[in-house]
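Peer 1: Shown below is the structure under consideration.
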Amino acid sequence: MIAVIGGGPAGLMAAISAASIYRGRVTVWEKMPQVGRKLLITGKGRCNLTNTADIERFVANFPGNGKFLYRCLRDFSSQDLCRWLAGQGVGTKVERGGRVFPVSDRAADVVRALVNGCRQQGVTIRTGCRVIRLLISDQRLTGLQLASGEEVAAAAAVVATGGASYPATGSTGDGYRLLAGVGHSVTEPRPALAPLVVAEPWVADLEGLSLRNVAVSLWQGTAELAGLFGEMVFTANGVSGPVILTMSRLAGQAAERGGQPVRLLINLKPALSPETLDLRLQRDFDRFGRRQFKNALSQLLPRKLIPVAVMLSGIDPDKPASQISRSERQRLQELLCRLTLTVTGVAGLEQAIVTAGGVSVKEVDPRTMGSKKIAGLYIAGELLDIDGNTGGFNLQAAFSTGWLAGRSAAAGLV
Ligand SMILES: Cc1cc2nc3c(=O)[nH]c(=O)nc-3n(C[C@H](O)[C@H](O)[C@H](O)COP(=O)(O)OP(=O)(O)OC[C@H]3O[C@@H](n4cnc5c(N)ncnc54)[C@H](O)[C@@H]3O)c2cc1C
C-alpha cells in the first residue's frame, strides 16, 4: 500500500497521481471527518487555486525557498492543474494579477473534483483516522500507526499534513512531529500572510469594514518598505485583507527588529491628487453647508469610517460644514491621504493564511519530493519549509509537490 497522510490539496493530488501508475492500493488517511476542510475556505470560499505567472515569477513569489519548487512546477504546472480540473468538469477563469478561480466561484467544486479524481483512480479515503507515528526499519518506511493504536503496513508514504495555521481545519502541525520523530529537521513554524496588530484602539470600531482601491504603504521611521494598491479590511485589533497580508512578512520583520516605529499609511483617496481632493472637500462642504461636520462626509467615506475620521480630524463634529476653516479642511485632507496606523506585531499562527518554516527542504530531494533520510518516505505541501505570497501560489505549490510526491512514491515501487 501507498499511504498518503493528510487529505488536503497536496495529499489528494498525491493519491491521484500515485494511483494513476501504481497497481496496488493507495489510501488517504485523514484525521478530520471530511477531507479538504482548509481548501473549502480558501479565497473566501472561491478558491484562488493557482496563478498564470510563468515559472520564474512563480518561484519569485516564494520568499521562503522558492527555488526548491522549480522541478515540481515544471512537472505539474498551473496549466496542467487547470487542464486536469477541466477534465473533471471544473472550468477556471483568470482575474486581476493572474489569479485563477473556478468559474463557479466555489471552492467546494475543487474539493469535489479531487474526491472524484480519487474515486476514479480507486483510491481509498479513510477519514477520522489520525496518524501518530511513522514506522521505520533500517532507515526505510514500513508503515504507520493510527491514534487508535492500529498499525498499518505501507511500502511508501506521502506525508501531506499541512502547516500549523487555522488549526480548526485539521492542520495542527502533526507532520512536524511525525517527521522530526524520524530524524528530519524542522524550522520553527511561524505565521506568514497574517493580519497585522496595531496600537490604535479605534480600529475596533471599524471591525469588518473593507476598503477597496486604497493605497497602503509600510514605513519604518523614514524608510518606505513597501507600497501596494488594493483591498484591506479592519479587524478587532488591526488590519487584514490582500494588501496587508502581502505586506505582513516585511511588517513582522520590521516590528521584530525594533528601533523606529513601524507604520502603515493608508491613502483612502489615491485616485485624487491633494489639490483635487481639497476641491472636492470644498464642494461637499458648500453643498452641505448647513449640515454639521459629522453629517457632511457621507458622499466621501463609508458610514462606519465617518465617526473615526471626525474624531481623528480634531474638528468640532457639530460645527456647520460651511464654517470649516481652510486649515481644518487641510487637516482632513491630510488625514484622508495618510490615515496612520502603528504596527505592533503580526497575528498568531491560528489566524495566519500560511505557515512559514517547516520541514527543511535541504533534506528533501526536489526531483522526487523523497526524504533524503528515510527510503520510501515522501513529503508534500505546506508542511515543507516553503511559503508563498497571496495570488494562488500556495495552493499550486501544494498541488505540484503533491503530484510529484505521489508519482515518485509509485515509481519507486513499480
Ligand atoms: C483562510 C485561508 C484562505 C486561503 N486562501 C488561499 C487561496 O485563495 N489561494 C492559495 O493559494 N492558498 C490559500 N490558502 C493557503 C492554502 O490553503 C494552503 O497553503 C494549502 O491548503 C496547503 O495544502 P496542504 O495539502 O499542504 O495542507 P492542508 O490543506 O492544511 O491539508 C492537510 C490535511 O492533513 C490533515 N492532517 C493533519 N494532520 C494529520 C494526521 N496526523 N493524520 C491524518 N491527517 C492529518 C488535515 O486535517 C488536513 O486535511 C489559504 C489558507 C487559509 C487558512
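The values are calculated or read from the model by the stated rules, or taken from the named source; none is laboratory data. Nothing here was measured: the structure is a model prediction, and the numbers come from that model. Note: ideal-geometry Cβ built from the backbone for every residue, glycine included; neighbour counts use all protein chains shown. SASA here: full protein model, heavy atoms, side chains in, ligands and nucleic acids out. Shrake-Rupley method; radii C 1.70, N 1.55, O 1.52, S 1.80 Å.
Peer 1: For an R0 of 56 angstrom, estimate the FRET efficiency from the Cβ-Cβ distance between residue 325 and residue 411 and round to the nearest 0.05.
Peer 2: About 0.15, to the nearest 0.05.
Peer 1: Going through the range 1-93, which trypsin sites (Lys or Arg not before Pro) have at most 14 other Cβ atoms within 10 Å and a DSSP loop state?
Peer 2: Qualifying residues, ordered by number: 23, 25.
Peer 1: Now for a separate question. Using a 10 angstrom cutoff on alpha carbons, build the Gaussian network for the chain and name the most mobile of 87, 252, 11.
Peer 2: Answer for the Gaussian network model of the chain: 87.
Peer 1: On to the next question. For the range 325-365, state which trypsin sites (Lys or Arg not before Pro) are in a DSSP loop and have at most 15 other beta carbons lying within 10 Å of their beta carbon.
Peer 2: Answer in residue order: 338.
Peer 1: Explain nothing, just compute: Karplus ³J(HN,Hα) = 6.51 cos²θ - 1.76 cosθ + 1.60, θ = phi - 60°, for every residue of the range 85-91 in order, whole Hz, x for Gly and Pro.
Peer 2: Each residue's phi maps through the Karplus curve to give 5, 4, x, 9, x, 10, x Hz.
Peer 1: Which ³J(HN,Hα) values in Hz, rounded to whole numbers, follow from the phi angles of the range 106-117 under the Karplus curve 6.51 cos²θ - 1.76 cosθ + 1.60, where θ = phi - 60° and Gly and Pro get x?
Peer 2: 10, 4, 4, 5, 6, 4, 4, 4, 5, 5, 4, x
Peer 1: Shifting gears a bit: For residue 93 and residue 360, compute 0.36 nm times the residue count separating them, minus their Cα-Cα distance, and round to one decimal in nm.
Peer 2: Length gained between residue 93 and residue 360: 92.7 nm.
Peer 1: Given the options 241, 183, 402, which has the most mean-square fluctuation in a GNM of the chain, springs set between C-alpha atoms less than 10 angstrom apart?
Peer 2: Answer for the Gaussian network model of the chain: 183.
Peer 1: Take the Cβ-Cβ distance between residue 121 and residue 57 as r, set R0 to 30 Å, and report the resulting FRET efficiency rounded to the nearest 0.05.
Peer 2: So, using R0 = 30 Å, E works out to roughly 0.40.
Peer 1: Show me, for the range 231-244, the HN-Hα J-couplings you get by feeding each phi into the Karplus relation (A = 6.51, B = -1.76, C = 1.60, θ = phi - 60°), rounded to Hz, glycine and proline as x.
Peer 2: My calculation for the range 231-244 gives 10, 9, 9, 7, 10, 4, 10, x, 9, 8, x, x, 4, 5 Hz in order.
Peer 1: Further question on the same structure: Check which residues have an amide H placed less than 5 Å from residue 225's amide H, if you skip close sequence neighbours.
Peer 2: 218, 219, 220
Peer 1: Dipole of the chain, Cα-centred, from +1 at each Lys and Arg C-beta and -1 at each Asp and Glu C-beta, to the nearest 20 debye?
Peer 2: Using only the charged Cβ atoms, the result is roughly 660 debye.
Peer 1: Right, next: Determine how large the accessible area of residue 311 is when every protein chain is in place; take a 1.4 Å probe and give Å² rounded to the nearest 10.
Peer 2: Rounded to the nearest 10, that gives 110 Å².
Peer 1: Taking only C-alpha pairs under 8 Å that are 6+ residues apart, what is the relative contact order of the chain in percent?
Peer 2: Relative CO of the chain lands at 26 percent.
Peer 1: Gain in length, residue 204 to residue 222, computed as 0.36 nm per residue apart minus the alpha-carbon separation, to one decimal in nm?
Peer 2: In short, 3.8 nm is gained.
Peer 1: Report the calculated FRET efficiency for residue 367 and residue 147 (r = Cβ-Cβ distance, R0 = 30 Å), to the nearest 0.05.
Peer 2: 0.35
Peer 1: Using only DSSP helix segments of four residues or longer, with each worth -39500 (n - 2.57), what per-residue ellipticity at 222 nm results for the chain after dividing by its residue count and rounding to 500?
Peer 2: That calculation yields -9000 deg cm²/dmol at 222 nm.
Peer 1: Are there any GluC sites (Glu not before Pro) in the range 88-182 that are in a DSSP loop and have at most 16 other Cβ atoms within 10 Å? List them by number.
Peer 2: 150
Peer 1: Take residue 79 and residue 299, extend 7 Å from each Cα along the Cα→Cβ direction, and tell me the distance between the two endpoints in nm.
Peer 2: Output for this residue pair reads 5.1 nm.
Peer 1: Next question, about the same structure. Treating the angle as unsigned and between 0 and 90°, give the value, to the nearest 10°, between the Cα long axis of helix 393-411 and the longest Cα principal axis of the chain.
Peer 2: Approximately 0 degrees, to the nearest 10.
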